[in-house]
1. Treating the beta-carbon of each Lys and Arg as +1 and of each Asp and Glu as -1, no other charges, what is the dipole magnitude of the stretch A:10-125 about its Cα centre, to the nearest 20 debye?
2. For the stretch B:112-120, just list the computed ³J(HN,Hα) in residue order, Karplus coefficients 6.51, -1.76 and 1.60, θ = phi - 60°, integers in Hz, with x standing in for Gly and Pro.
3. Would you mind checking the tilt of helix B:51-66 against the longest principal axis of the Cα atoms of chain B, expressed as 0 to 90 degrees and rounded to 10?
4. Could you go through the stretch A:126-139 in sequence order and give the Karplus-derived ³J(HN,Hα) for each residue, using 6.51 cos²θ - 1.76 cosθ + 1.60 with θ = phi - 60°, rounded to whole Hz, and x for Gly and Pro?
5. Placing +1 on the Cβ of each Lys and Arg and -1 on the Cβ of each Asp and Glu in the protein assembly as shown, which of A:ILE184, B:PRO88, A:ALA282 has its Cα farthest towards the positive end of the resulting dipole?
6. Taking H placed 1.01 Å from N in the peptide plane, check which residues at least 5 places from A:LEU212 or on another chain put their amide H under 5 Å from its amide H.
7. Enter the per residue convex hull volume of the stretch B:2-155, computed from alpha-carbon coordinates, in Å³ rounded to the nearest integer.
8. I need the semi-axes of the equivalent ellipsoid of the stretch A:74-175: take the C-alpha gyration tensor, multiply each eigenvalue by 5, square-root it, list largest first in whole angstrom.
Amino acid sequence: MQPSTAPPGRVVVAHPDRKAQRALQRLVGATLCPVDVVSDVDALIAAIGDDETAIAIVDASLAQARPDLQLRKARAWIAVPGEGLASADARAIDTLLVAGWRHVVAHPMPVLAEELLATVQKLLRGDVFGLEKYMAWGAEVRSYTLEDCRDRDDAVATVARDVVAVGLPDRVGSLVSVIADELIANALYAAPVDGTGARFRSADAREKPRALTGRDIVTLRWATDSRYLALEVRDRWGSLDPGSVGARLAPSAKQSSSEGGMGLPLAYACCNQLVVGSEANAMTEMIALLDVRYKPTELGRTASFHSFTLRTRSA
Amino acid sequence: MKRGRLDVEVSGQRVVLVGRIDDSVTLGELAAQLPAGALVLDTAGVTFVNSIGMREWIRLTRALAARGAPVTLERVADVMMTQMNLIPELRKTVQIASFHAQYACPSCGAEATPLIDAVAHRAELRSLLPPLVPCDECASLMALADFPERYLMIFSD
């Protein structure tokens, strides 16, 4: 009898609290990946060594004290809140985003479990795209392909109307319309780059018609499973620098950018989890997740952030 | 007058905005077309604001603030409150007299955006304490459906 195989990889959990260690070990153990558990940063560094396939899961307080950790070799560095029902501290998240952390989980259990397992599996499998990874089986996915730039308003209005039609509150419909508008605008006007990397559509008049074919195709998908509402926007340029997105989203970054570049920070502020997937020169995917189970005040004040890069075909 | 998809109605010192504040709107030069002196801006009819719209809103409030006369916002739409709290400079350039806030009822699950009198509740709001509001459906006390540190930040010192 031969057992099935799990994706190769190794996970190291660093948390000072023994109960949290056990919870996290069980959680990522669901990937059937070997899991090592340590209590402090020094032991974590020793356990990771030079293993570029290892995934480090670090208590946010430990990470906040050593934000430079994520510069060390590893497949990924993921900051998580501590044990219990407390969200990650908003200042810790800010510090980590500014420092360039690509995976910061804000919310406590049980959201932590769903989010962390999906994140670790995406990393292990190298399968980074698609909102389906956040939805329970059975959730229907609605998809729209924009045929012209001017379809943006229709797409936004349609998705907001559809979301309310399934019974979600107007508040969620309002958030969805802002997020969809900003993500589609980014895909239409910020994503296209020329050979020098210049964003040649950024100054286009927004009322100007432009047929969306080839690399200009923009798709919008959404689904809900009554836990989350997921909204996904894809462009075919892959021009977003996935390593620098987090720093632009940090609340402290907003303090100095009240005049411009507010689209992504606004989308981030309106959701509970923002996920960026990128394949250089091929595709950028933005997924915004709204947790519709809980009152907003029962979740983290700041949203989680994840940035994945697919490296199979390019980059 | 019409600004993109935003209707601007001026009646004495009162300016009523209805519609969308988005890419179609330029508001920076609107200040020059509004009456001199203290102004009241009513935005209850604003249904949508995106990041470019918020940039235009900042330009308008800056231009009005530069005239030196007070600018009071009345019946601020919920969609605007969410975003105005992201912009620290708005705490200094405008005074909010009333606003629509997101509330949820812990008893029956209803959600609503009641109008909050920011003048009557000034002390509570400065302390980031949301006023108590009864639910229209079951009369239980509703709770602010957002973090006070985030949704009421514009009232803090």
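1. Dipole of the stretch A:10-125, to the nearest 20 debye: 280 debye.
2. Ordered by residue, 3J(HN,Hα) equals 8, 10, x, 7, 10, 7, 6, 6, 5 Hz.
3. On a 0 to 90 degree scale, this one is about 70.
4. Result, rounded to whole Hz: x, 10, 9, 9, x, 6, 4, 5, 10, 10, 6, 4, x, 6.
5. It is A:ALA282, whose Cα lies furthest towards the positive end.
6. Excluding prolines and chain starts, which carry no amide H, the hits are A:ASP148, A:CYS149.
7. 110
8. 30, 18, 16
A short reminder: the numbers here are calculations on the coordinates, not readings from a lab. Values in this document were obtained by computation on a predicted structure and should not be read as measured data. Neighbour counts run over all protein chains shown; Cβ positions are idealised from the backbone, glycine included.
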